[in-house]
Each structure stands twice: as C-alpha cells, then as structure tokens.
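Here is the structure we will look at, set down as structure tokens.
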Amino acid sequence: MSKKLFIETLGCAMNSRDSEHMIAALREKEGYETTDDLKSADLILINTCSVREKPVAKLFSELGVFNKKRKEGAKIGVCGCTASHLGEEIIKKAPYVSFVLGARNVSKITEVLHKDRAVEVDINYDESEFAFDEFRTSPYKAYINISIGCDKSCTYCIVPKTRGDEISIPTELILREAKRAADGGAKELFLLGQNVNNYGRRFSGEHEKVNFTELLRRLSKIEGIERIRFTSPHPFHMDDEFIEEFAKNPKICKSMHMPLQSGSSKVLSDMKRGYTKEWFLNRVEKLRSVSPDVSISTDIIVAFPGESDEDFEDTLDVMRKVRFDQIFSFKYSPRPETEAEHYTNVVDEDVASQRLTTLQNLHTEILDEKNKTHLGKIYRVYFEDLNQDYYVSGRSDNNIVIKVKGSDELLGEFRDVKITQIGRTILSGEVVG
Ligand code: SAH
Ligand code: SF4
Ligand code: F3S
C-alpha cells in the first residue's frame with residue numbers, strides 16, 4: 001500500500017509549484033500518494049508563506065493541531081518561506097516537527113525525510129539546474145518556474161531573504177518542461193518568477209543569454225500551446241520591446257499584472273521600487289495604446305510607513321486613472337530583516353484600516369461599472385474547472401472568469417461564450433460556438 005502525504009500550501013503560485021515539485025519527488029522516489037485526510041497521512045507538509053505577519057503567527061497554532069490529529073508515527077515537515085526565515089527556531093518551538101526545508105531547497109525533500117530534525121534552509125543553494133520529476137495538479141494549465149529568488153530590495157519585502165538571489169532557469173530546461181506539458185495535454189502555460197521580465201540577467205552556469213521577450217517567442221512556437229500567462233512582471237522592467245511583443249504575439253494572453261504598490265512617487269522611492277507614479281502611468285498608456293483590450297491587475301500596499309493622506313490620494317488617483325480589473329490589496333505588515341522594519345514613522349492602525357476600506361470600495365465601484373459592459377459580449381473561454389451544480393468554469397484571454405452549465409467534457413476545451421449574467425468576480429454565460 002502506498003504511503004500517504006497530506007500537504008497544505010499557503011502563499012503564492014511559486015509555492016504551489018514548489019509543492020508540485022515535492023509531491024513529484026515523494027511519489028517517484030518514496031511511493032507517496034496525496035490525501036485530503038490529515039488523520040490518515042504518514043507525512044504532513046505545510047508549505048508556508050512569510051510575506052505578511054499574520055500567516056506566520058498562525059503557523060504554530062496550526063502545527064499544534066497537526067500534532068494532535070496526526071496518526072502515530074506520522075512525520076510533520078515545515079517547508080517554504082517561513083521555514084527559510086525561521087529555520088531552527090521552528091523545531092525549538094515545536095519539537096515534534098521532523099524537518100524544516102526552505103523555499104530554495106525543495107529538491108532536498110527526499111533527503112530530509114530520512115534525517116532526524118534536519119534543517120535545510122540555505123538561500124544560496126542553487127536549484128536552477130535541477131530538473132524536477134513531473135507532477136501537475138491540473139493537466140490543462142502548466143505552471144513553470146522560470147527564475148528563482150529576487151534581486152530587488154523593496155524595503156518592505158522579506159522574499160529576497162527567504163528565496164535568495166535571483167537566478168534564471170536555463171532556457172532549454174524551460175522549453176523541455178513546456179514541451180512535456182504540451183505533450184501531456186496542457187494548452188496553457190503559466191510562467192512564474194518574482195520578476196519574470198528580468199529573465200535572463202543571471203544564469204548560474206554557462207548558458208545562452210535569452211531575455212524574457214525572446215523566451216516568450218520561443219515558448220509560443222511549441223506545438224499545442226495556445227495560451228501563455230505569467231506573473232509577476234515588474235513595472236520597472238516593462239520596456240517597449242516587451243510591451244510590443246506582449247501586444248503582437250497572439251499566444252500571450254492579454255492580461256497584465258502590474259504591481260503598483262503605491263501611487264505616490266515619494267512612497268515608491270521609500271519602498272525602493274525603482275519607478276515613479278508617472279512611469280507607471282506611462283507604461284499603462286503604452287500598453288493600452290498597443291493592446292486596447294488588455295486587462296490589468298495590481299498589488300497595492302496601504303499605510304507604508306510615512307504614507308500621508310496626500311500620498312494615499314495619489315494611490316486613489318492611479319486607481320481612478322487606470323481602473324484596474326483586479327486588485328490584491330494589503331495593509332503594510334512589518335517584516336523581520338527588511339529595511340522598513342526599522343522605520344519609526346508608522347501609520348496609525350485605524351487610519352490603515354480606513355485606507356484599505358476606501359481603496360477596496362473604490363475598486364468595487366469601478367468593477368461594477370466595468371462588469372456591466374461585458375453583458376452580451378462573446379469571449380473565447382478555456383475551460384479548466386468543474387464546479388458543483390454542473391458548472392464548468394474557465395478564463396477568457398483577458399482573464400475574466402466565466403462559468404457555463406456543462407460537464408467535464410468541456411475541460412481542456414476552448415469555446416465561445418456569450419455573457420448572460422454578471423457577478424462581481426465570476427460572469428455566467430452560454431456556449432455559442
Ligand atoms: N515580486 C512581486 C511581489 C511578490 S510578494 C512584485 O514585486 O510585485 C506579493 C505581494 O505581497 C506584493 O506585491 C506586495 O503587494 C505584498 N507584500 C509584500 N510584502 C508586504 C508587506 N511587508 N506588507 C504588506 N504586503 C506586502
Ligand atoms: Fe519583494 Fe520587491 Fe522582490 Fe517583489 S520585487 S519579491 S516585492 S523584493
Ligand atoms: Fe509568500 Fe514566499 Fe510567495 S513569502 S508570497 S510564499 S515567495
């Protein structure tokens with residue numbers, strides 16, 4: 001009988017892909033199968049996120065629950081970004097944890113499994129040449145890491161401390177992985193990295209220097225691949241060449257994530273983001289001039305230390321000008337080992353909450369107005385998920401989530417869908433072709 005693995009994945013898409021890599025290694029080398037039933041698991045893994053304080057605080061209470069519920073002899077491993085930044089401390093606080101495995105060290109999962117209290121958290125460890133075993137949660141959409149780590153030093157962000165320096169994965173490995181996914185039936189690729197459009201600046205060995213635009217060109221030639229998405233591009237690296245390739249390459253989905261963080265040039269400078277409000281707006285203008293139907297999503301942090309009412313007003317101003325299609329917004333959360341951790345000009349908690357609400361309310365208004373314009377329109381949808389009540393959902397090229405009544409026969413298929421009903425996050429429609 002196979003051994004059972006229960007894995008909980010928090011954080012971003014890179015963590016999800018790391019979990020897939022660990023599942024693959026544990027299946028191939030150790031004979032594990034995944035389970036949703038914690039109590040029957042022989043191995044419990046939690047792949048953690050450290051980007052904000054709250055999930056980190058919750059880790060130990062969650063570990064306590066795992067410890068109580070696990071079957072006798074089951075091992076518990078803590079992986080991911082909080083593993084990288086807390087290391088040993090996790091085992092000190094929770095001695096029943098069998099091993100701690102950092103975000104940069106996932107390839108060592110089968111090694112640490114057999115050691116007692118192993119802590120592998122070296123952020124200089126280089127996995128860029130490592131070809132992982134194959135496992136994908138979805139056969140329709142293939143997530144592929146194109147770089148690891150991050151070379152920026154945004155003053156609020158812990159990621160460079162948990163994932164280390166940025167290294168691009170060799171182009172031939174990415175192409176091979178993409179071809180394998182296409183052969184397995186995936187029609188969509190989702191490229192992952194903290195700064196995808198900085199791809200090619202640094203490889204760990206001797207490799208052909210390929211930049212992100214060229215990587216996109218090569219991937220789009222793979223037979224069977226019809227759509228390519230990616231996250232996150234950095235506004236600083238959005239040069240004209242990249243934007244023009246984005247617009248003219250029909251395989252690249254017309255949906256761009258442009259993480260703004262703040263609309264105030266002063267706050268952006270304090271955050272060390274490397275661009276100004278004007279540069280950001282200029283890039284949006286350029287993008288829309290060559291790709292008029294593009295949808296734009298963003299990340300925003302409110303109440304960064306020193307953010308005044310005027311600074312926040314600049315963020316609202318960018319929001320009104322750009323009218324983002326989707327936002328991920330957060331209150332600033334001080335993180336250890338970051339520059340901003342030591343800033344003393346903190347924004348009052350009530351003001352921070354108020355700003356977050358104001359921002360989110362403004363976005364809801366924008367979204368409601370935008371959504372009305374979709375009614376009656378026809379979108380080409382790639383179906384990926386089977387939901388309850390016989391609904392199948394997928395995304396339009398420009399990233400609108402659309403559901404129709406249907407069965408699993410639609411999964412992995414493209415159809416034209418006419419929008420018949422508007423919801424805030426999901427639109428409903430009927431297949432017309
Ligand atoms: N590399 C990506 C971001 C990865 S982290 C980029 O540069 O855009 C994902 C998001 O978490 C960030 O875009 C930011 O909005 C948010 N974030 C990061 N650190 C944070 C902090 N200390 N407090 C609040 N939000 C934070
Ligand atoms: Fe963090 Fe900035 Fe790197 Fe993004 S670019 S991961 S926000 S340091
Ligand atoms: Fe979280 Fe690490 Fe991703 S901190 S957002 S899991 S890079």
Q) Hey, among the residues in the range 1-27 that are of a type in the set (D, E, K, R) and assigned to a helix (DSSP H, G or I), which one's surrounded by the fewest Cβ atoms within 10 Å (Cβ to Cβ)? A) 27
Q) When the range 407-430 is examined, which residues are found to be under 28 Å from residue 230 (Cβ atoms), without any contact (Cβ under 8 Å) to a residue 60 or more places away in the chain, touching a strand residue (DSSP E or B) at 6+ places or on another chain (Cβ under 6 Å) and of a type outside the set (S, T, N, Q)? A) 408, 410, 413, 415, 416, 417, 419, 426, 427, 429
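Residues 164, 185: which one is under 26 Å from residue 397 (Cα atoms) and either in contact (Cβ under 8 Å) with a residue 12 or more places away in the chain or within 17 Å of the chain's Cα centre (by Cα) (or both)?
Values: 164 fails: under 26 Å from residue 397 (Cα atoms).
The unique qualifying residue is 185.
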**Q.** Residue satisfying condition, being within 24 Å of the chain's Cα centre (by Cα) and not hydrophobic (A, V, I, L, M, F, W, C), within set 354, 326
**A.** 326
Q: Those residues that are part of a helix (DSSP H, G or I), out of contact with any helix residue (DSSP H, G or I) (no Cβ under 6 Å at 6 or more places or on another chain) and under 28 Å from residue 231 (Cα atoms), I need them from the range 28-58; list them, please.
A: 53, 54, 55, 57, 58
Q.
Could you check the range 154-192 and list, in sequence order, the residues that are within 15 Å of ligand 2 (Cβ to nearest atom) and touching a strand residue (DSSP E or B) at 6+ places or on another chain (Cβ under 8 Å)?
A. 154, 156, 162, 163, 164, 166, 167, 168, 192
**Q.** Residue check for residue 388: on the phi < 0 side of the Ramachandran plot, polar (S, T, N, Q) and touching a residue at least 24 places away in the same chain (Cβ under 8 Å)
**A.** no
Q) Looking at this structure, is residue 330 touching a strand residue (DSSP E or B) at 6+ places or on another chain (Cβ under 7 Å), under 20 Å from residue 272 (Cα atoms), in contact (Cβ under 8 Å) with a residue 60 or more places away in the chain and among the hydrophobic types (A, V, I, L, M, F, W, C)? A) yes
Q: Would you mind finding the one in 125, 140 that is away from ligand 3 (no atom under 16 Å from the Cβ) and among the aromatic types (Phe, Trp, Tyr)?
A: 140
(Q) So, in the range 346-365, how many residues would count as being outside any helix (DSSP H, G or I) and either surrounded by fewer than 11 Cβ atoms within 10 Å (Cβ to Cβ) or on the phi > 0 side of the Ramachandran plot (or both)? (A) 1
Q: Determine if the range 161-170 includes at least one residue that is modelled with pLDDT of 95 or more, more than 30 Å from residue 267 (Cβ to Cβ) and surrounded by fewer than 21 Cβ atoms within 10 Å (Cβ to Cβ).
A: yes
Q) Looking at 178, 186, 182, which one is more than 15 Å from ligand 3 (Cβ to nearest atom), of a type in the set (A, V, I, L, M) and in contact with a Gly (Cβ under 7 Å, 6 or more places away or on another chain)? A) 182
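Before we move on, is residue 76 out of contact with any His (no Cβ under 6 Å at 6 or more places or on another chain), more than 16 Å from ligand 3 (Cβ to nearest atom) and in contact (Cβ under 8 Å) with a residue 60 or more places away in the chain? Lay out the reasoning, then the answer.
Working: out of contact with any His (no Cβ under 6 Å at 6 or more places or on another chain): yes; more than 16 Å from ligand 3 (Cβ to nearest atom): yes; in contact (Cβ under 8 Å) with a residue 60 or more places away in the chain: no.
Against the criterion (out of contact with any His (no Cβ under 6 Å at 6 or more places or on another chain), more than 16 Å from ligand 3 (Cβ to nearest atom) and in contact (Cβ under 8 Å) with a residue 60 or more places away in the chain), residue 76 does not qualify.
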Q.
For residue 424, only one of the following conditions fails: (1) within 25 Å of the chain's Cα centre (by Cα); (2) surrounded by 14 or more Cβ atoms within 10 Å (Cβ to Cβ); (3) part of a loop (DSSP other than H, G, I, E, B). What is its number?
A. (2)
Q) How do the pairs read when you match residues in the range 349-374 that are under 12 Å from residue 424 (Cβ atoms) with residues anywhere that are part of a loop (DSSP other than H, G, I, E, B), using Cβ under 6 Å and keeping only pairs 6 or more apart or on different chains? A) 366/323; 371/422
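Tell me yes or no: at least one residue of the range 294-313 is acidic (Asp, Glu), within 16 Å of ligand 3 (Cβ to nearest atom) and touching a helix residue (DSSP H, G or I) at 6+ places or on another chain (Cβ under 7 Å).
As a first pass, look at the range 294-313 and keep what is acidic (Asp, Glu): 299, 307, 309-311, 313.
If we keep only those that are within 16 Å of ligand 3 (Cβ to nearest atom) as well, we get 299.
Now narrow it down to the ones that are touching a helix residue (DSSP H, G or I) at 6+ places or on another chain (Cβ under 7 Å): none.
No - not one qualifying residue is present in the range 294-313.
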Q) What are the pairs, 6+ residues apart or on separate chains, where a residue within the range 5-28 that is without any contact (Cβ under 8 Å) to a residue 40 or more places away in the chain has its Cβ under 7 Å from a residue that is of a type in the set (A, V, I, L, M) and part of a helix (DSSP H, G or I)? A) 6/38
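Filter the range 366-400 down to residues that are among the basic types (Lys, Arg) and assigned to a strand (DSSP E or B) and give me whichever is farthest from the chain's Cα centre (by Cα). Please lay out each step first, then the result.
Taking the range 366-400 and keeping what is among the basic types (Lys, Arg), we get 370, 372, 377, 380, 395.
In the following step, the residues that additionally are assigned to a strand (DSSP E or B) were identified as 380, 395.
Values: 380: 24, 395: 17 Å.
Selected residue: 380.
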Q: Could you check, for the range 182-205, whether at least one of its residues is closer than 30 Å to residue 307 by Cβ and of a type in the set (Gly, Ala, Ser)?
A: yes
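What number of residues within the range 211-244 satisfy the criterion of being of a type outside the set (Asp, Glu) and within 30 Å of residue 415 (Cβ to Cβ)? Give the derivation first.
As a first pass, look at the range 211-244 and keep what is of a type outside the set (Asp, Glu): 211-213, 215-222, 224-225, 227-238, 242-243.
Retained after the next criterion (residues that are within 30 Å of residue 415 (Cβ to Cβ)): 215-222, 224-225, 227-233, 243.
Matching residues across the range 211-244 total 18.
The values are calculated or read from the model by the stated rules, or taken from the named source; none is laboratory data. From a predicted model like this one, the values you see are computed outputs, not experimental measurements. In this analysis, Cβ positions are derived from the backbone assuming ideal geometry, glycine residues included, and neighbour counts consider all displayed protein chains.
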